[in-house]
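Heads up: the structure comes next, in structure tokens.
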Amino acid sequence: MKKAKLNDVARRAGVSRSTASRALNGIGELSDETRDAVTRAAQDLHYRPSPLARTLRTRRSRTVGLVVPTVAHSFYAAVTNGAQRTLEEHGYRLILIDSGEDPKTLTAAMQTLLDHEVDGILMSTAPVGAEQFNVLLDGTPCVFIDELAPGAGVGNVVLENARGMGLLVDHIAGHGHDRIGYLGGPTDRTSGSERLRGFLEAMSRNKLDVLPELVAECEWTIASGFAHAEALLADGRRPSALITASGELALGALVAARRTDLSIPRDLALASFDDLYFAPLLEPSLTAIAYDTPSVGQAGARLLLAAILGEPAPQSELRIDVELVRRRSCGCERDPDAAMIEVLA
């Protein structure tokens, strides 16, 4: 069956080609009868507009690229979901690329999106320096998600990383702990560096010593959390409490504690950034910093759409608020998820 074209729709509806185009694109002042006739004709003929023709005509592809290091991680899955919903509400489609962490791969991913004439890009990291990055973009709007990239792109959406870590330290210190260990992420990323800063500032605010032997920089993996926690806990002067910068690191620390026959929270209090889906299901349930992950993607999409449409943005850097969820791993008796856990059991 021959694919219907705009001329076929116009002929069937009894209108000109330009009128059919205006009716299908929702522009111009047309009568309801004309719009209905064109819509019915398009449906009868199974007409689908050509994306390429629309791009050439409007200079917009109505597509946005999103580059993440791994779609398997629940954080990026939720961010993608939030961004996609917001973009679809405004008539845009999302092209998702899982790039890994290698700078060459990230740069190649961005180039692929530019070759597809996307109207804008959401990036989870900056693969190259700001000047080179902007040259590569060649005017295409770009917003960074979970990353600050001074001088690059048009905006950033990040969590209140330092504040969240401060909430954890204040809470653990409130339980009477003064030997607090810390497992952080790579400090070449915004989340890793800001969470470490928040930990150090909060330790100082609580007049607690930061012991270098109890602080470790890890990769964002369960295995790395396990290896570094095992080393900290094997030492004769182990911490009485351990704070981790991510849920994966907390899982690794939990396994390490069990391997060394330490009971949580009796022998070791544990708390973490990232209130991931498994936090209330662990035994004991995990005290953690929670935030609305989809809103990270939604905020990034709104900021990018404003740049694409040439609208003024309220601010170039958006911060997503966080809150402390108290559970039993730190020594709290109160467990807000107890009812849910009983149902699951």
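Things worth noting here:
- Exposure proxy shown here: for Met203, Met123, the number of other Cβ atoms within 10 Å sets the order, fewest to most, as Met203, Met123.
- Read-out mean projected area of the Cα convex hull in nm², derived from the coordinates shown; its label in (i) 21.9; (ii) 19.9; (iii) 22.8: (iii)
- DSSP H segments from the chain that extend 15 Å or more along their own axis, Cα-based, with Kyte-Doolittle mean of -1.0 or above: 74-89, 103-115, 161-174, 190-205, 222-234, 247-259, 293-308
- Distance in nm between pseudo-label sites at Glu217 and Arg11 (7 Å out along the Cβ direction from Cα): 6.8
- Share antiparallel - DSSP beta bridges, the chain, percent rounded to 5: 10
- Placing dummy labels 7 Å off each Cα toward the beta-carbon, the span from Glu89 to Ala77 is 2.3 nm.
- Among 237-248, 222-233, sorting by the average number of other beta carbon atoms lying within 10 angstrom of each residue, highest first, gives 237-248, 222-233.
- FRET E, pair Glu131, Glu33, Förster distance 51 Å, beta-carbon r, rounded to 0.05: 0.35
- Calculated mean residue ellipticity, 222 nm, the chain: -14000 deg cm²/dmol, from DSSP H runs (n ≥ 4) at -39500 (n - 2.57) each, averaged per residue and rounded to 500.
- Virtual spin-label span in nm between Leu96 and Thr187, 7 Å along Cα→Cβ: 3.4
- Ranked list, fewest to most other Cβ atoms within 10 Å of each Cβ, for Tyr76, Tyr291: Tyr291, Tyr76
- Options Leu211, Leu167, Asn7, ranked by Cα towards positive dipole end of the chain, top entry (Cβ charges): Asn7
- Computed lengthening from Ala4 to Asp209, 0.36 nm per intervening residue step minus Cα-Cα distance: 66.5 nm
- Relative packing of 152-163, 253-264, 64-75, which averages over residues the other C-beta atoms within 10 Å, highest first: 152-163, 64-75, 253-264
Read-outs: derived from the displayed coordinates by stated rules, not from any lab. Fair warning: this is a prediction, and the values are worked out from it, not measured in the lab. No Cβ is skipped: glycine too gets one built from the backbone with ideal geometry, and neighbour counts run over all protein chains shown.
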